[in-house]
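The block underneath contains the structure these notes are about, expressed in structure tokens.
The values are calculated or read from the model by the stated rules, or taken from the named source; none is laboratory data. Just so it is clear, the model here is predicted, and its values are computed rather than measured. So basically every Cβ, Gly included, is an ideal-geometry build from the backbone, and we count neighbours across all protein chains shown. SASA here: full protein model, heavy atoms, side chains in, ligands and nucleic acids out. Shrake-Rupley method; radii C 1.70, N 1.55, O 1.52, S 1.80 Å.
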Amino acid sequence: STFWRMSATSISIRTLTVAYSLPKDLLKKVNIDGCRLNATVQNVLSLYNPNPDSFMDPMSGTYGRYPNLRKISLGVNVSF
């Protein structure tokens, strides 16, 4: 019987990192050798098939019914 079969289809992006290095000809005007900007986001996207009252995300640990928190980190690396 397939009566109890449920779809557990899910799509998630856990970590996304974007970085950009500023052009060296622009940085030479202010006596900087290099500058890199970066941003990292954790738990960017989570799409799942919510089953009523019984769905638990297997990646969320013991608190399965609560969404994971999103964390955003920004950084700058400068070299002189």
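Since Ile11 meets every condition but one in (1) at pLDDT 85 or above; (2) exposed (fewer than 10 other Cβ atoms within 10 Å of the Cβ); (3) under 16 Å from the mean Cα position of the chain (by Cα), which condition does it not meet?
All conditions are met except number (1).
Does the stretch 26-39 hold any residues that are in contact with a Gly (Cβ under 9 Å, 6 or more places away or on another chain) and open to solvent by less than 40 Å² (accessible area, probe 1.4 Å), and which are they? Let's see the steps before the verdict.
Applying the first criterion (in contact with a Gly (Cβ under 9 Å, 6 or more places away or on another chain)) to the stretch 26-39 yields 27, 36-39.
Matches in the stretch 26-39: Leu27, Ala39.
State all residues of the stretch 26-68 that are at pLDDT 85 or above, farther than 15 Å from Ser10 by Cβ and within 19 Å of the chain's Cα centre (by Cα); if no residue qualifies, say none.
Listed by number, the residues that qualify are Leu37, Asn38, Ala39, Thr40, Val41, Gln42.
When the residues of the stretch 14-25 are narrowed to those that are closer than 16 Å to Asn77 by Cβ and open to solvent by 60 Å² or more (accessible area, probe 1.4 Å), which ends up farthest from the chain's Cα centre (by Cα)? Spell out the reasoning first.
So in the stretch 14-25, the residues closer than 16 Å to Asn77 by Cβ come out as 17-24.
Subset that is open to solvent by 60 Å² or more (accessible area, probe 1.4 Å): 17-18, 20-21, 24.
Values: Thr17: 7, Val18: 10, Tyr20: 17, Ser21: 21, Lys24: 29 Å.
Looking at residues that are closer than 16 Å to Asn77 by Cβ and open to solvent by 60 Å² or more (accessible area, probe 1.4 Å), I get Lys24.
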